[in-house]
Every structure is written in structure tokens, then in C-alpha cells.
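In what follows, a single structure is set out as C-alpha cells and then discussed.
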Amino acid sequence: DLNDHPFLVHDVWREAEWLWYRWLHDRVDLFLSPAHLALEELAAHGLSHARPWRPGVDTARFSPVRRSLPWRMRLSGGCPEAPLLVAVDRLDAGEGIAQLRPLLPALAGVRLAVIGDGRGRPELEERFDGTPTVFAGELGDDHLAIALASADALVLPSNHSDERIVLAALASGLPVIAPAGG
């Protein structure tokens, strides 16, 4: 019975997944991957048509000139003079945003704006209750550009964040605080 051998089931599933990837990969002329680690894994499994894709960011949209006092007021909970960190991520209970909660008491006077949405948002809002945190929800590109330009720094507590948000923050003039990896 395969259920008695969870590692075997996992290995069989992973090999089936790689067979599917090889079948798909053999039918394309070029396979682009935005992640260096993914390219290494693809090459290790014999998928040789993969090339790096370096996503860019619209520097007219994501720019320090988009800074907005009304957005800073919104994101800081009405305290625009306070240092404002912004975190952008999918909000799942097990994801990285929750890792910021224990750090907030040590960051006296710092405000946190969380941009994103997901099934874990209600639990995260409860967990951050009583802290200087604003949950701004999902923002489209134009609103995200204004929000980033209106903050003081981007903080990424997860290794699984999209690298485009890092590029957008840098184009907006923000320093980025992120884990070393990913």
C-alpha cells in the first residue's frame, strides 16, 4: 500500500511531475525562467532550453516622484511623520508577514503597512491587532507605485517574494530589507 510509504508517494509524484515538465519543455523553442535557482533545477533535470528572463519595471510608474502625502497618511494610520515600512506579499497565515509581528515592539515609533491579500488576512489582522499596522489590501500597479513611493523602506520577510516588487521598490527610491537567499 503506497499510503504506508509517504516518501515513496512523494518521489513517484515528483518524478511524474518532471516527466510532464520534460514533455512540455520538448515542445517549445525557448523556456524563460525569472529565477536563477529554477534554471539550475531545470538544467539538473535535463531541460536545456531554459534561459534567464530578467523582468523589468516601469520606471516612469515606479518612481520617487509618485510620493503622496494622502497615501502616506493612509498607510501610516494617520501618522505621516513616523518612519513607514511597507511589506508586499500574499497573505497566508503561514507566510512571512507574521514573522514581523514580534519585531514591532522593538521598533518604537515605526509604522507598518501591509499590502496584499489572501485567505490568511483575517488571522494576520487579528495577530497584528494593537500594533501600528495598516492592512491596505491588494493594490493595482498605479496605486502600488504611489504606495511604495510614499513609504520609507520595503521589508520582505519571506524568501518567496516576487523579485519584481524589489525592483519596483528600488525604482521608487526605497531601501529594501530582505533575507539573504531566494
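Being modelled with pLDDT of 75 or more and open to solvent by less than 90 Å² (accessible area, probe 1.4 Å) is the filter here; which residues of segment 5-14 pass it?
Result: Val12, Arg14.
From Arg90, Arg66, Arg54, grab the single residue that is touching a Gly at 6+ places or on another chain (Cβ under 9 Å), of a type in the set (D, E, K, R) and either closer than 30 Å to Glu15 by Cα or at pLDDT 95 or above (or both).
On the way: Arg66 fails: touching a Gly at 6+ places or on another chain (Cβ under 9 Å); Arg54 fails: touching a Gly at 6+ places or on another chain (Cβ under 9 Å).
Matching residue, one of Arg90, Arg66, Arg54: Arg90.
Out of curiosity, is Leu148 in a helix (DSSP H, G or I), under 25 Å from Pro70 (Cα atoms), open to solvent by less than 20 Å² (accessible area, probe 1.4 Å) and in contact with a strand residue (DSSP E or B) (Cβ under 8 Å, 6 or more places away or on another chain)?
yes
Would you be able to tell me the number of residues in segment 35-59 that are within 15 Å of Trp18 (Cα to Cα), open to solvent by less than 50 Å² (accessible area, probe 1.4 Å) and out of contact with any Leu (no Cβ under 8 Å at 6 or more places or on another chain)?
So the answer is 4.
Only residues that are surrounded by 17 or more Cβ atoms within 10 Å (Cβ to Cβ) and assigned to a loop (DSSP other than H, G, I, E, B): list them for segment 159-182, please. So that I can check it myself, show each step before the final result.
Filtering segment 159-182 down to residues surrounded by 17 or more Cβ atoms within 10 Å (Cβ to Cβ) leaves 161, 165-169, 171-172, 174, 178.
If the condition is that a residue be surrounded by 17 or more Cβ atoms within 10 Å (Cβ to Cβ) and assigned to a loop (DSSP other than H, G, I, E, B), then Ser161, Ser172, Leu174, Ala178 are the ones that fit.
When you go through (1) crowded, with 17+ Cβ neighbours inside 10 Å; (2) in contact with a strand residue (DSSP E or B) (Cβ under 9 Å, 6 or more places away or on another chain); (3) under 22 Å from Glu163 (Cα atoms) one by one for Phe128, which number turns out not to apply?
(3)
Collect the residues in segment 83-116 that are in a helix (DSSP H, G or I) and over 21 Å from the mean Cα position of the chain (by Cα), keeping them in residue-number order. Steps first, please.
Of the residues in segment 83-116, the ones in a helix (DSSP H, G or I) are 96-106.
If the condition is that a residue be in a helix (DSSP H, G or I) and over 21 Å from the mean Cα position of the chain (by Cα), then Pro105, Ala106 are the ones that fit.
Starting from segment 43-63, take each residue that is closer than 30 Å to Ala169 by Cβ and in contact (Cβ under 8 Å) with a residue 12 or more places away in the chain and list its partners that are open to solvent by 60 Å² or more (accessible area, probe 1.4 Å) and assigned to a loop (DSSP other than H, G, I, E, B), counting only C-beta distances under 8 angstrom and pairs at least six apart or across chains.
Sorted first by the residue in segment 43-63, then by its partner, the pairs are Arg51/Leu30.
Could you grab me the full set of residues in segment 84-98 that are open to solvent by less than 70 Å² (accessible area, probe 1.4 Å) and not hydrophobic (A, V, I, L, M, F, W, C)?
Selection gives Asp89, Asp92, Glu95, Gly96.
I'd like to verify a number: residues in segment 23-34 that are touching a Leu at 6+ places or on another chain (Cβ under 9 Å) and surrounded by 13 or more Cβ atoms within 10 Å (Cβ to Cβ), how many?
3
Of the residues that make up segment 63-71, is at least one farther than 27 Å from Val134 by Cα and open to solvent by 50 Å² or more (accessible area, probe 1.4 Å)? If you could, list the steps in order and put the result at the bottom.
The first filter runs over segment 63-71 and keeps only residues farther than 27 Å from Val134 by Cα, leaving none.
No; the residues of segment 63-71 include none that is farther than 27 Å from Val134 by Cα and open to solvent by 50 Å² or more (accessible area, probe 1.4 Å).
From Gly77, Gly140, Gly109, grab the single residue that is without any contact (Cβ under 8 Å) to a residue 40 or more places away in the chain, open to solvent by 30 Å² or more (accessible area, probe 1.4 Å) and over 30 Å from Leu37 (Cβ atoms).
Just a single option satisfies the conditions, and that option is Gly109.
In segment 40-82, which residues are in a strand (DSSP E or B) and under 20 Å from the mean Cα position of the chain (by Cα)? Quick ask: steps written out before the conclusion?
Initially, segment 40-82 is screened for residues in a strand (DSSP E or B), giving 50-52.
Residue satisfying the conditions is Pro52 alone.
The values are calculated or read from the model by the stated rules, or taken from the named source; none is laboratory data. Keep in mind the model is a prediction, meaning the values are calculated, not measured. All Cβ positions, glycine included, derive from the backbone under ideal geometry; neighbour counts span all protein chains shown. The area values use the complete protein model at the heavy-atom level, side chains included, leaving out ligands, DNA and RNA. Shrake-Rupley method; radii C 1.70, N 1.55, O 1.52, S 1.80 Å.
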